[in-house]
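Every number in this text was worked out from the coordinates using simple rules, so none of it is lab data. Every value quoted in this text rests on a predicted model; they were computed, and no experiment measured them. Please note: Cβ atoms are built from the backbone with ideal geometry, for glycine as well, and neighbour counts cover all protein chains shown.
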Amino acid sequence: SKSHSATEAYANFVNRQSYASNSPSPWVVDSGASHHITNNSHSLQTPTEFSGTDAIIVGDGKRIPITHIGHTTLTSPNLVANFLLKNVLCSPSIKKKLIFVAQFCRQNITSIDFFPYSFVVKDLSTGECLLQGKSNGDLYEWPTDRTKSVTPHPQAYFVASTTPAAHIAPVITFE
């Protein structure tokens with residue numbers, strides 16, 4: 001893993017999806033991102049103009065300029081919790097807004113579990129499920145009113161078999 005400055009960010013997504021479009025973009029939960037990144041400075045609380053020379057580096061090595069830095073809050077669609085994103089970089093040229101998983105978990109005292117077609121955000125101290133979202137293709141998108149979050153279940157369900165070759169696997173139910 002290459003080290004980088006505090007504001008140089010690496011965006012971990014396919015190049016053809018990485019540049020601006022006119023449609024609103026969802027937040028993508030990205031375990032490969034090195035910073036939270038948005039494409040809209042108006043989504044930041046007290047945005048500050050960025051005057052440095054660092055940039056966001058996308059998969060093909062292109063450098064995308066950073067225009068602002070700030071904080072924002074994400075809400076779960078079922079209003080169970082609000083989640084703070086600190087030090088969010090802004091570049092209007094980016095199509096997908098990224099959530100830096102490790103920083104998100106540290107800032108919100110949570111964990112994120114990934115499954116083949118969904119993810120779950122849990123309170124780190126209680127294990128309570130605060131939010132569950134679905135994948136859209138190869139991306140894990142933060143649920144919005146438009147995408148509808150999967151209703152969190154109070155406990156996990158497991159399927160087990162008595163045969164020696166069986167594996168214990170989580171069962172995820174979508175409504």
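Side notes on the structure shown:
- Where N is the number of residues in the stretch 23-93, Cα Rg divided by 2.2 N^0.38 Å: 1.15
- Within the stretch 78-125: Cβ-based charge dipole about Cα centre, in debye rounded to nearest 20 (Lys, Arg +1; Asp, Glu -1): 240
- With the Kirkwood sum run over all distinct C-alpha pairs, the stretch 47-135 has a hydrodynamic radius of 14.8 Å.
- FRET efficiency, 1/(1 + (r/R0)^6) with R0 25 Å, evaluated for Lys62 and Leu139 via beta carbons: 0.80
- Fully extending the segment from Glu128 to Ala102 would add 7.5 nm, taking 0.36 nm per residue of separation and subtracting the current Cα-Cα distance.
- For the peptides 32-41, 118-127, residues were scored by their other Cβ atoms within 10 Å and the scores averaged per peptide; the highest-first order is 32-41, 118-127.
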